[in-house]
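The values are calculated or read from the model by the stated rules, or taken from the named source; none is laboratory data. Please read all numbers here as calculations on a predicted model, not as lab measurements. Positions of Cβ are backbone-derived with ideal geometry, glycine not excepted, and every protein chain shown enters the neighbour counts. These accessible areas exclude ligands, DNA and RNA; they are computed on the full protein's heavy atoms, side chains included. Shrake-Rupley method; radii C 1.70, N 1.55, O 1.52, S 1.80 Å.
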Amino acid sequence: MRRVSFGVAPAPFDPTDLSALGAELSDEERLVRDTVRKFVNDAVLPEIGHWFEAGELPRELVPELGKLGLLGMHLEGYGCAGTNAVSYGLAGLVLEAGDSGLRSFVSVQGSLAMYPIRAYGSEEQRQQWLPGMASGELVGCFGLTEPDAGSDPASMRTRARRDGSDWILDGSKMWITNGGIADIAVVWAQTDDGIRGFLVPRGTPGFHTNDVARKLSLRASVTSELVFDSCRLPEDAVLPGVSGLRGPLSCLNEARFGIVWGTMGAARACFEAALSYAVTRQQFGKPIGSFQLTQAKLADMAVEIEKGLLLALHLGRLKDAGKLTPPQVSIGKLNNTREAIAIARTARTILGANGVTLEYPVLRHANNLESVLTYEGTAEIHQLTIGRALTGLDAFS
Ligand code: TGC
Ligand code: FAD
């Protein structure tokens, strides 16, 4: 930590916490942050370049995440840690400083697969799935998007129809994180009563998955197609507690909130790499960090990270008070993802040619953030959600 004097009293100065945000956290929130940071530093950062290159996220990590209490951490009961929203956000921040694929895994497991079971599942469904998912023994996925229904999930074609007391599911889902490794898929389908959520265990006849190959982004994450061909499910496969698009969209609020924080973790990892490079790399006989143009880049990056973190903390405190609204989540997801990708690209310029390799994290993060900009609502969808809240006019219909 550097000390600088502003002519008043020497102030402790941490270039990665200019707003002294850490001081706004409770002891418990700091403990979550520091515990996850140690895990990421010890178990993820030494290997992540290899995993990204190989296009994998080792399954052995999953029980480790479970032991740390990170899976479904913001949910109550059934083996979940029951932390507040800010702690959940801080975990996302630190995990995504490792890699967006790692944060994605935790987001999907906790916010998209466990949350709907906790919020809308029967007691039997909760007992059957949640403890194993919290421990990391079982993996879940969330199937909303289809090949022809992305931003507009209301147009989905996957359909569940009754056959006696059973359901028959037909259709396909695309771009599903964890799909190929999931033990349980939460699948949203049209029914005669509107859109409903179904729990489809791996191995159910008529259900298979195909992994997406040759991704250039989010490589340390499994992305898959889910295919349902006359897939017969029992009556109790349906989530009884919700119908309509509100079901899946309410899950997205949870995961988008995690992204508000996570993206700033990726941005900060890029900033830290660029800062340390700038003060050591010499050109024209002095560190490149001494050039005004480099300092302007670093200052702008730091300002956006501080603003993004302050926004994340504010939204987290609103969420913990039960006051967070979807347009506010859209403000955070839009701003922090857009700024994170700009920061990653700027960091890459500071690293010059070294920035295009996996020896440094910046282009890996920049590539990952391309997916983050698109999933969980594209930048345009969040602009339109904010626009609708501002004008009262709906651009979607
Ligand atoms: P609209 O008429 O606005 O709403 C339909 C019903 O849903 C309710 N609603 C919400 N409820 C909870 N939370 C929200 N954020 C909600 N937004 C809307 C709404 O009140 C209404 O309820 P009801 O009871 O009155 O019927 O629906 P629309 O068809 O006009 O669509 C609105 C739009 C475009 C914003 C929505 O479709 C949308 O968000 N589209 C983007 C789709 C998306 O984000 N997909 C993400 C897929 S999952 C994913 O990407 C995982 S990435 C995994 C990882 O992190 O690795
Ligand atoms: P489209 O909806 O076809 O959009 C294409 C372009 O058109 C975008 O720029 C979009 O903003 C723009 N556009 C669309 N409508 C409008 C409009 N009304 N006005 C202005 N512009 C518009 N989905 C899941 O369900 N579960 C998952 O686990 C999951 N994981 C993912 C993992 C990865 C790595 C990726 C890349 C995607 C994942 N997705 C997942 C899918 C993701 O949610 C969708 O890609 C996203 O919702 C956008 O849909 P689309 O790709 O079909 O793009």
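Near the amide H of Met174, within less than 5 Å, lie the amide hydrogens of Thr145, Glu146, Leu226, all on another chain or at least 5 residues away, with H placed in the peptide plane. Overall, the accessible surface of the chain at a probe of 1.4 angstrom is composed of carbon and sulfur to the extent of 53 percent. Couplings 3J(HN,Hα) for the stretch 368-382, derived from phi with the Karplus relation 6.51 cos²θ - 1.76 cosθ + 1.60 (θ = phi - 60°), are 4, 5, 4, 5, 5, 5, 8, 7, 6, x, 5, 4, 5, 4, 6 Hz, where x marks Gly and Pro. For the peptides 190-198, 147-155, 59-67, the ranking by mean Cβ contacts within 10 Å, running from highest to lowest, is 190-198, 59-67, 147-155. Ranked by solvent-accessible area (1.4 Å probe, protein heavy atoms only, all chains present), the residues Glu47, Glu29, Glu124, Glu359 order from largest to smallest as Glu359, Glu124, Glu47, Glu29.
Rounded to the nearest 5, the antiparallel percentage of DSSP beta bridges internal to the chain is 85%.
Site pair Phe284 and Ala342 shows an inter-label distance of 2.5 nm when each label is modelled 7 Å from Cα along Cα→Cβ.
Please report the net charge: other residues with Cβ closer than 15 Å to the Cβ of Asp27, K and R +1, D and E -1.
-2
Eigenvalues of the alpha-carbon gyration tensor of the stretch 210-325, scaled by 5 and square-rooted, set the equivalent ellipsoid semi-axes at 44, 23, 8 angstrom, largest first.
For the pair Thr35 and Thr191 in one chain, pulling the backbone fully straight at 0.36 nm per residue adds 51.8 nm over the alpha carbon distance. Taken along its three principal axes, the alpha carbon spread of the chain comes to 79, 43, 42 Å, from the longest extent down to the shortest. Quick check: the angle from helix 326-350's long axis to the longest principal axis of the chain, C-alpha only, nearest 10 degrees? In the chain, helix 326-350 runs at an angle near 50 degrees to the longest axis. Annotation: extensible slack from Ala395 through Asp211 equals 62.9 nm (criterion: 0.36 nm per residue apart, minus Cα-Cα distance).
Shape class of the stretch 22-135 from the alpha-carbon gyration tensor: oblate, with a/c at 1.5 or above and b/c at least as large as a/b. Accessible surface calculations at 1.4 Å, restricted to protein heavy atoms, place the chain at 44 Å² per residue.
The gain in end-to-end length when the Asp300 to Arg161 segment is fully stretched comes to 44.6 nm, 0.36 nm per residue minus the alpha carbon separation. What the Cα convex hull of the stretch 246-391 gives, in volume per residue, is 109 Å³.
Shown is the FRET efficiency for Ser122 and Ala321, computed with R0 = 35 Å from the Cβ-Cβ distance and rounded to the nearest 0.05: 0.75.
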